[in-house]
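K.L.:
Okay, handing you the structure first.
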Amino acid sequence: SGIDGFEWFDRLRVKEAEKRGYQLTIEEAKEIIKADTVDELRAIKEAKGFNWDELSAIERAISERKNQKIEAGEITLFPKTEEVLDEAEVAKAVVSNAPWHTTSFVMEYFGLESYFSHVESPQLNDIREYVKRKKPNPVMVENAMQKMGTDNVVMVGDSSDDIKVAQNAGID
């Protein structure tokens, strides 16, 4: 479950930028992660004077901090997560915008691997590649469908990007 609506991500993004000599407002920090295209991200990067490596490093620091919050018990699963997963007797996949480093950590830390036949999550080596793959781009959903050998799927999500990616992939 989330902490304060995930605003801590944005505050941390501001702090990580400051460590590197850049000033960001909370609104600008939100725009970085909301960017759906490399062009949108490039505009932010150029306006603030970042380079691609710095933006990637900031997002990797946030990913690492999320893992630390999980280990500290500050981020937990929703109370009935495992019960719901047990009762859903269908093949399941994870398609997450969280960087692979965090997604794989969450799956292992909470022992969720056995519930899912496939996991898709973008790498964060280069933030441009991350943005190209993340939802609402349907590539991860399409990859999961292909790996699972099905096109009869239902998307379950918790964000507007989940709704958009389902529409972009042509699924319910």
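Each reported figure results from applying straightforward, stated rules to the coordinates on display, with no laboratory input. Note that the structure is a prediction, hence the values are computed from the model and not measured. Ideal geometry is used to build each Cβ from the backbone, glycine not excepted, and the neighbour counts take in all protein chains shown.
K.L.:
Please list the non-local residues whose amide H lies under 5 Å from the amide H of Glu120, H modeled 1.01 Å from N, same-chain partners needing a gap of 5 or more.
P.N.:
Correct list: Val94, Val95, Ser96.
K.L.:
Follow-up question, since we're still on this one. Using a Gaussian network for the chain with springs between C-alpha atoms less than 10 Å apart, which of these wobbles most: Asn137, Asn152, Asn51?
P.N.:
Its mean-square fluctuation being the largest, the pick is Asn152.
K.L.:
Relative contact order for segment 30-172: what is it in percent, counting Cα pairs under 8 Å that are at least 6 residues apart?
P.N.:
Worked out over segment 30-172, it gives 23 percent.
K.L.:
For Lys164, give me every one of the aspartates and glutamates with a C-alpha distance below 18 angstrom, ignoring sequence neighbours fewer than eight places off in its own chain.
P.N.:
Leaving aside aspartates and glutamates fewer than 8 places away in the same chain, those within reach of Lys164 are Glu31, Asp36, Glu40, Glu120, Glu142, Asp151, Asp172.
K.L.:
Taking the Cα centroid of segment 40-64 and of segment 91-149, what is the distance between the two, rounded to the nearest whole Å?
P.N.:
Between the Cα centres of segment 40-64 and segment 91-149 lies a distance of 21 Å.
K.L.:
How charged is the neighbourhood of Ser63? Take every other residue with its Cβ under 12 Å from the Cβ of Ser63, and add Lys/Arg as +1 and Asp/Glu as -1.
P.N.:
It works out to a net charge of +2.
K.L.:
Hey, another quick one. I want to check the label-to-label distance for Asn143 and Val38. Put each point 7 Å from Cα in the C-beta direction and report it in nm to one decimal.
P.N.:
Inter-label distance under the simple model: 1.6 nm.
K.L.:
So if we plug the beta-carbon distance of Thr25 and Thr81 into 1/(1 + (r/R0)^6) with R0 = 22 Å, what FRET efficiency do we get, rounded to 0.05?
P.N.:
Rounded to the nearest 0.05, the efficiency is 0.05.
K.L.:
Now for a different question. Taking square-rooted eigenvalues a ≥ b ≥ c of the alpha carbon gyration tensor, is segment 70-123 rounded, prolate or oblate, where a/c under 1.5 means rounded and, failing that, a/b exceeding b/c means prolate?
P.N.:
oblate
K.L.:
Now for a separate question. So if I place +1 on the C-beta of Lys and Arg and -1 on the C-beta of Asp and Glu, and nothing else carries charge, what would the dipole magnitude of segment 1-91 be about its Cα centre? I want it in debye, nearest 20.
P.N.:
I would put it at about 560 debye.
K.L.:
For the chain, modelled as a Gaussian network with Cα springs under 10 Å, which listed residue fluctuates most, Glu46, Glu16, Glu28?
P.N.:
It is Glu46.
K.L.:
Let me know the shape class of segment 75-172, please: from the alpha-carbon gyration tensor, a ≥ b ≥ c as square roots of the eigenvalues, rounded when a/c is under 1.5, otherwise prolate if a/b is greater than b/c, or oblate.
P.N.:
In terms of gyration-tensor shape, oblate.
K.L.:
Okay, next question. Over 30 Å between C-alpha atoms is what I'm after, so list which of Lys48/Lys147; Lys80/Lys135; Lys19/Lys69; Lys15/Lys147; Lys45/Lys80; Lys19/Lys147 land there.
P.N.:
Lys48/Lys147; Lys15/Lys147; Lys45/Lys80; Lys19/Lys147
K.L.:
Each residue of segment 82-95 in order: what ³J(HN,Hα) in whole Hz does its phi give by Karplus 6.51 cos²θ - 1.76 cosθ + 1.60, θ = phi - 60°, with x for Gly and Pro?
P.N.:
5, 4, 5, 5, 4, 6, 7, 8, 9, 5, 10, 10, 9, 10
K.L.:
Taking 20 °C and 1.002 mPa s as the conditions, I'd like the Stokes-Einstein D for the chain in µm²/s, using the Kirkwood hydrodynamic radius from alpha carbon pairs.
P.N.:
Answer, rounded: 125 µm²/s.
K.L.:
Sticking with this structure for a sec: Set the Förster distance to 30 Å, then compute FRET efficiency between Asn51 and Tyr115 from the Cβ-Cβ distance, nearest 0.05.
P.N.:
Rounded to the nearest 0.05, the efficiency is 0.15.
K.L.:
Given the options Ile26, Met107, Gln123, identify the residue whose Cα lies farthest towards the positive end of the charge dipole of the chain (+1 on Cβ of Lys, Arg; -1 on Cβ of Asp, Glu).
P.N.:
Towards the positive end, the residue furthest out is Ile26.
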